[in-house]
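One structure is given below, encoded as structure tokens.
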Amino acid sequence: MADSASLLFNPHTYDPEHFDPETRRLLRATVDWFEARGKRRLIEDYRSRAWLGDFLDFAAREGLFATFLTPVSAAGKDDQRWDTARIAALNEIFGFYGLDYWYAWQVTILGLGPVWQSDNAEARARAAELLAQGEVFAFGLSEKTHGADIYSTDMLLTPDGEGGFRASGSKYYIGNGNAAGLVSVFGRRTDVEGPDGYVFFAADSRHEAYRLVKNVVDSSKYVSEFRLADYPVAPADILHTGRAAFDAALNTVNVGKFNLCTASIGICEHAMYEAVTHASNRILYGRPVTAFPHVRRELTDAYVRLVGMKLFSDRAVDYFRSAGPDDRRYLLFNPMTKMKVTTEGEKVIDLMWDVIAAKGFEKDNYFAQAAIEIRGLPKLEGTVHVNLALILKFMRNHLLNPVDHPAVPTRLDAADDAFLFQQGPARGLGSVRFHDWRTAFDAYAEVPNVARFREQADALCTFVETAAPDDEQSRDLDLLLAVGQLFALVVHGQLILEQARLTGLDEELLDELFAVLVRDFSAHAVELHGKDSATEDQQNWALGAVRRPVVDAARSTRIWERVEALSGAYEMGQ
């Protein structure tokens, strides 16, 4: 049975022995760099909004980004590959120490997406060389007026008569736009109408026709506004044209938004060590704060939610890495990691903050920045609402129409995830088929709260068959999002159970976690009941789906003891 601390990332004991030697070295070197820097410097850089120059110098010296973000097809050294498992591990480390560090890495990943999907060998070679030099990258998609509505881009490319273009326009909310050696920019031609006119091209932030306007956020993250003024785009700079440019944009976001879940996990882990340690040593009315039943419940809920986040995300890695033209299940699990795991992260922080109260504002703690930064992850790479609407496209096939798929193993092998840059057209989501979700639940049918949640999942199938939104309701996004939350819980529970089986997680912890999920499902059912447009049948169904978790005071006490053991388990040195 794993103890509570072993399920969480702890820099003092971290040894990623499941990876190859160079990956282990780089992950451990990154942890050691942050630990040597110390908590005081970490917090001061965050408060003073210092640019991440020292960190990027470290990453360049170690070849960190080049090793982790160069696919085998562009690699110049051994150990370079695009390996989602080790990328996820690094996301967690960056989140643990500060989202600013993660963000510089994340937008580099986004900037590389259109390049690694391109057939432009010269641009790919240039990107590989820039990575080797320690440069960062940027993804020039969104605009001030249109956001990420790529149908409406105002970045205009005028043919120059020599096979290239002159680009003019602005981009807004572009991470690393101040320092990127290469910016992948999305625009449209002035001489071609419709989708055939889209263009993705590579720009250099140091070019005189590239004008940096400002940082649009008050942060070390440089989230830029930049303008191109008659910027020369040579044929060698063109990454994609036409519909392929559109697909490259969406497929890049598919790759990038997967990283949000593990960053959220890292934030919550560091905050949890601080919160439990503080609460355990705080005396109120003559007793430790942790003697109060509501405090124990909140911290226990926070802990089991965090464990659930980790289980789901680790299992989703396997589907992401095993994806191919005939297995696109990742297209559901990917927005789930972005939407569900990151919103769980907000709940985890809120639960702990309710306990530590004013301590959560203190400037000498990591928690103060965690409470701010955790809010950003559900809102990046598409809002929660956008991703909920996306997963609804898979609901009927996932719940009601399973097919046989080969079992997906745990994927920690040192392999290149080449398919992520060969995803093809970004359409046909309604045709994606899934294995039977019930199998994961059947394996834990004897666990009381898994069985209780299974009743609710089966009820959702009945809802889809007998009371699903009609054509008119299908235009009511407010109602649909309530249904999406219910479906998301079933998918969340499924992958948690799959990963629990693969890792041998003890059933008592699983039971406590599913008690929380039963409560969540009931809460979302009540929300659906109250929607303005819910029919009488839907209202009746919603109340009928409400369940009470199976209560076991002894079990809850034992799980609490694991949480309490986190007190003092990790403290970052000064």
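The values are calculated or read from the model by the stated rules, or taken from the named source; none is laboratory data. Note that the structure is predicted; figures quoted are calculated from it, not measured. For neighbour counting, all protein chains shown are included, and Cβ atoms are generated from backbone atoms with ideal geometry for every residue, glycine included. Please note that ligands, DNA and RNA were not included when accessible areas were found on the heavy atoms of the full protein model with its side chains. Shrake-Rupley method; radii C 1.70, N 1.55, O 1.52, S 1.80 Å.
From the set of residues in segment 325-345 that are open to solvent by 10 Å² or more (accessible area, probe 1.4 Å) and over 13 Å from the mean Cα position of the chain (by Cα), which is nearest to Ile265 (Cα to Cα)?
Across segment 325-345, the extreme among qualifying residues is Leu331.
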Flagged pairs (Cβ under 9 angstrom, 6 or more apart or on separate chains; first in segment 4-26, under 21 Å from Gly308 (Cβ atoms) and part of a loop (DSSP other than H, G, I, E, B); second acidic (Asp, Glu) and open to solvent by less than 10 Å² (accessible area, probe 1.4 Å)) are Leu8/Glu269; Phe9/Glu269; Asn10/Glu269
Here the residues within segment 56-114 that are among the hydrophobic types (A, V, I, L, M, F, W, C) and outside any helix (DSSP H, G or I) are Ala75, Trp82
Tell me, please, whether a residue that is among the charged types (D, E, K, R) and under 22 Å from the mean Cα position of the chain (by Cα) can be found in segment 171-182.
-> no
Determine, yes or no, whether Ala59 is touching a residue at least 60 places away in the same chain (Cβ under 8 Å) and of a type in the set (A, V, I, L, M).
-> yes
Inside segment 137-181, the number of residues satisfying the requirement of being among the aliphatic types (A, V, I, L, M), more than 19 Å from Glu381 (Cα to Cα) and in a strand (DSSP E or B) is 3
If a residue has to be modelled with pLDDT under 95 and in contact with a Lys or Arg (Cβ under 6 Å, 6 or more places away or on another chain) to count, how many in segment 431-466 make the cut?
-> 1
Out of the residues in segment 462-500 that are open to solvent by less than 10 Å² (accessible area, probe 1.4 Å) and not aliphatic (A, V, I, L, M), state the one that is farthest from Arg411 (Cα to Cα).
-> Phe463
Tabulated pairs, segment 369-390, first within 27 Å of Gly430 (Cα to Cα) and in contact (Cβ under 8 Å) with a residue 24 or more places away in the chain, second assigned to a helix (DSSP H, G or I) and of a type in the set (Asp, Glu), C-beta under 7 angstrom, 6+ apart or interchain = Pro378/Glu346
Counting only residues that are assigned to a loop (DSSP other than H, G, I, E, B), open to solvent by less than 40 Å² (accessible area, probe 1.4 Å) and within 21 Å of Trp116 (Cα to Cα), segment 403-428 contains a total of 5
So is Ala302 at pLDDT 95 or above, small (Gly, Ala, Ser) and either outside any helix (DSSP H, G or I) or open to solvent by less than 10 Å² (accessible area, probe 1.4 Å) (or both) or not?
-> yes
Looking at Ala459, Ala451, Ala443, Ala415, which one is touching an Asp or Glu at 6+ places or on another chain (Cβ under 7 Å) and of a type in the set (Gly, Ala, Ser)?
-> Ala415
